[in-house]
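What follows draws every value from the coordinates through simple rules; no lab data is involved. Note that the coordinates shown come from a computational prediction; the quantities given were computed from them, not determined experimentally. Backbone-built Cβ (ideal geometry, glycine too); neighbour counts: all protein chains shown.
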Amino acid sequence: MGRVTAETTETTQAITAPGTPVHGAVADPPWWADAVIYQIYPRSWADADGDGIGDLPGITARLPYLRRLGVDAVWLSPFYVSPMNDAGYDVADYRDIDPRFGTLADADAMVAAAHDLGLKVLVDLVPNHTSSEHAWFRAALASPPGSPERDRYIFRDGRGSEGELPPNNWPSVFGGRGWSRVTEADGRPGQWYLHLFDVTQPDLNWANPQVREEFLSVLRFWCDRGVDGFRVDVAHGLVKREGLPDWHGKVGLYDDVVSEEGPTDGPGGGEDPSVLDHTATGASPMWDQEGVHEIYRGWRRLLDSYGEPARILCAEAWVKPEERLARYVRGDEMHQAFNFDFLETPWDAAALAAVIESSLRVNDEVGAPTTWVLSNHDVVRHASRLGLEQGGPRRNGVAADDPQPDAALGLRRARAASALMLALPGSAYVYQGEELGLPEHTTMPHEARQDPTFHHTGGRVVGRDGCRVPMPWAKAEPSFGFGPGDEPWLPQPEVYGELAVDQQEGVPGSTLELYRTLLRLRGDLALGSGSLAWDELTGEGVLAFRSARADGSGEVLVVTNAGARPLALPDGEVLVASGPLGDDGVLPTDTTVWVRPARG
Ligand code: NOJ
C-alpha cells in the first residue's frame, strides 16, 4: 500500500499502490450508471414570460443548448405548486405546476422536447415535508389532537405544565426551533408540530400508511407522464427515532456563527439560536434511521415495474460515513446517491485521492456506481469555493463582508476539479452555470436575499442565494438574456455578462468549450464505465490515475496537479487540458490533463 498524507485534514489516508486495480470497468452499463446529469434550477435557468422567474417554456426553448453541451439527462429542482418559502421545496400540490413556472401541459411539452433531443428527465421528489399550504396540513390544523388528519404529520403535546415547551430540543436546519405551536379551535395554544426545515415545511409522519400510499401514487403520476427518475430530497430524514428523544450530540453546522449571538428573530426563531446540522453523524435521532430503507425498497419495486430503460432514484442524503451512504444504493434500493464527501473535500491531492478510492470501494461493495458532484443549489459554487482559503467545508453562502474568494484561482481550480470529476468512473451531476465557470454572487445586497436560513438566523448564516442567481445567456440583453424582463428574482453580478453563453460559445479555451470537449471525450473514451488504478505520478500534490475499458483497451491517463510546483507532462498525446499548458512541456499547478499514454 502506498501512503499519502492529507495535510489539510491531518489524517494519514492510505490509497492502493499504483498499478493495482482500485475499481473495475463495466461493460454495457445501464444508462444511469455513467450518465452526466445537468441540474436545472427552474427559477434561474430561463425566463420565457419576463416576470423575472424562470419557467418551463423557457427551459423547453433552451434544451438544445444541453444537447450541444453533451449531457445525458436533466434534473429539475421542484416546479410544483408552492408558496415558495423555500424556493419550491415547500410543496403544496405534488401533482400540479406552480403558475409561476407554467402548467402541466408545459411540463409535458418539456419532457417530450427533452426526449426528442435524447435527454432523460429527472424531477425532484420532496417526501420529508409538505408545505403548510398543502391540503393535508390545512386539514390537520382544522382537526383536533389525536385525529387521523393530524396523524399524517408529527404533532405532539408540549412539555411543561401548560404544554408551553416544545416536545423535544431539536432545532431546525434553517435555524431556530424545530417545533411550532398551533392555536386550537377554542383559540388556546395547543399542540406542537415538527418541522426540521422552515416553519412552513411540516414533517410528514412516515409511520402513517396514507403517507406511504400517497407518495407511491405521486411516483406513479410522474412516471405515467414520462419522467425517467427522481432526485429524492432529504432522503435520510423521513423516519425519526421512536419516542423523538432529545438530541445532545453536535447540533449546529454553524455553531461558531450563531451560538454566541443570542436569540434568532426569524419566524421559526424564538429563544433557540441553534441551527440543526443536516448531516447524519453518529446516533442523531432525526437522520439516517433504519426505517428509511424499507420505503426505498418499495419505491424501487414500483419503478422497476415500469420496465426498461430504468426509471431511477437519486438520494440527497447527507450521511456519514460513506459506508452508511452506500446502504442507500444497495441493489434493491436507490440507483444513485450524491457523493457529498467528494464535494466537501478541500483542494488537496492526497485528500481527493483518498475520498475517490474510498467512495469507489464502498459503492463497489454494494454493486453501485459512484455519483460525483461538485456544485448544486445548496452549496457555494465550486468556482468560488476553491478560491477561498482551504480548510473546512463552505456550504452556506459568502457575504460581502466575509473574506472574498480569489476568483482567478477559484476558476482555475474549478476547471481542474471538473476535468477530474468528469474522468472518474460513475455518474456525475453538473449544476447549471458551472459549465460557464460562474462564481458565487458573494456581494449580493442583504435586502435581496430570500433564503429562509438568512432570515431565521437574523442574517448570521448568509444562506444559499449566491449560488442560485439567474443564468447569463447573452451579454448585451436585459438580465443577460435570462428573460425579457429587467429584474430577475435575484440580482446578477456584473461579471456574469463576461461569462454569458454568447461570450464563450466557439471561443477556444472558454470554460463552456472545455466542458463540451470533456463531455464528448468522456463519452468517446467510455470513462464513466472505465476502470481506475492509481498511476505512479501520484504523490506530493499530484493525483494521477489510469482508466481503461472492460477489455483493457483505450487506456487514458488523467493527471491533476493540485500541488505548488509545475510537473513534467507525461509522455503521450494530450487529449484535453483544463487550462493552458506550459510551452516547456509542463503541467502547471491547478490543472488537470487527460493523456493517451505513449506505448512503451
Ligand atoms: C434539500 C434541498 O436541496 C434544499 O434546497 C432544501 O432547502 C431542503 N432540502 C429542504 O427541502
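Residues whose amide H comes within less than 5 Å of that of residue 587, counting only those at least five positions distant or on another chain, are 567, 568, 569 (H built at 1.01 Å from N in the peptide plane). Under the convention that each Lys and Arg Cβ holds +1 and each Asp and Glu Cβ holds -1, the size of the dipole of the chain around its Cα centre is about 1120 debye.
For the range 401-532, the normalised intensity computed at q = 0.11, 0.16, 0.19, 0.20 Å⁻¹ comes to -0.48, -0.91, -1.12, -1.17 (log10 of I(q)/I(0), Debye sum over alpha carbons, equal scatterers, no solvent). The residue list 109, 187, 312 was ranked by how far each Cα lies along the charge dipole of the chain toward its positive end, using unit charges on Cβ atoms, and 312 comes out on top.
How high is the FRET efficiency from residue 332 to residue 402, r the C-beta distance, R0 45 Å, rounded to 0.05? Approximately 0.50, to the nearest 0.05. Once the Cα-Cα distance is subtracted from the 0.36 nm per residue extended length, the residue 103 to residue 574 segment shows a gain of 164.8 nm.
Here the range 135-194 is treated with +1 on each Lys and Arg Cβ and -1 on each Asp and Glu Cβ, and its dipole about the Cα centre works out to around 200 debye. Counting every alpha-carbon pair across the range 135-194, the share separated by more than 15 Å comes to 49%.
Across the options 507, 550, 577, the greatest Cα extent toward the positive end of the charge dipole of the range 465-600 (unit charges at beta carbon of Lys, Arg, Asp, Glu) belongs to 550. For the chain, the 222 nm mean residue ellipticity estimated from helices alone, with every DSSP H stretch of n ≥ 4 adding -39500 (n - 2.57) and the total spread over all residues, rounds to -6500 deg cm²/dmol. If exposed means no more than 13 neighbouring beta carbons inside 10 Å and the site is in a DSSP loop, what's the longest run of the chain without any exposed trypsin sites (Lys or Arg not before Pro)? Segment 251-598 is the longest. Spatially, the range 335-384 and the range 98-124 are offset by 29 Å when compared through their Cα centroids.
With the convex hull constructed from alpha-carbon coordinates only, the range 381-440 shows a mean projected area of 4.4 nm² over all directions. Residues whose amide H lies under 5 Å from that of residue 575, counting only those 5 or more places away or on a different chain, are 594, 595, 596; hydrogens are built 1.01 Å from N in the peptide plane. Summarised in one figure, the compactness ratio Rg/Rh of the range 281-408, Cα atoms and Kirkwood Rh, is 1.03. Which residues does the label zone of residue 67 cover in the range 84-112, counting backbone N under 15 Å from a point 7 Å along Cα→Cβ? Counting backbone N atoms under 15 Å from the label point, the list is 110-112. From most to least packed by mean Cβ count within 10 Å, the peptides 431-440, 561-570 give 431-440, 561-570.
Label point of residue 364 set 7 angstrom out along Cα-Cβ; within the range 530-557, amide nitrogens under 12 Å from it belong to 531-534. Paramagnetic label reach from residue 495 (point 7 Å along Cα→Cβ; backbone nitrogen cut-off under 11 Å): within the range 407-434, residues 407-412.
Close amide H contacts of residue 380 (hydrogens built in the peptide plane, cut-off under 5 Å, sequence separation of 5 or more or a different chain): 396, 397.
In a fully extended conformation the segment linking residue 139 and residue 224 would gain 27.8 nm over its present Cα-Cα distance, using 0.36 nm per residue.
Semi-axis lengths, largest first, of the ellipsoid equivalent to the chain are 39, 26, 25 Å, with √(5λ) applied to each eigenvalue of the Cα gyration tensor. A simple rule links phi to the HN-Hα coupling: the Karplus curve 6.51 cos²θ - 1.76 cosθ + 1.60 with θ = phi - 60°, which for the range 230-246 gives 9, 8, 9, 6, 6, 5, 8, x, 4, 9, 10, 5, 3, x, 6, x, 3 Hz, with x for Gly and Pro.
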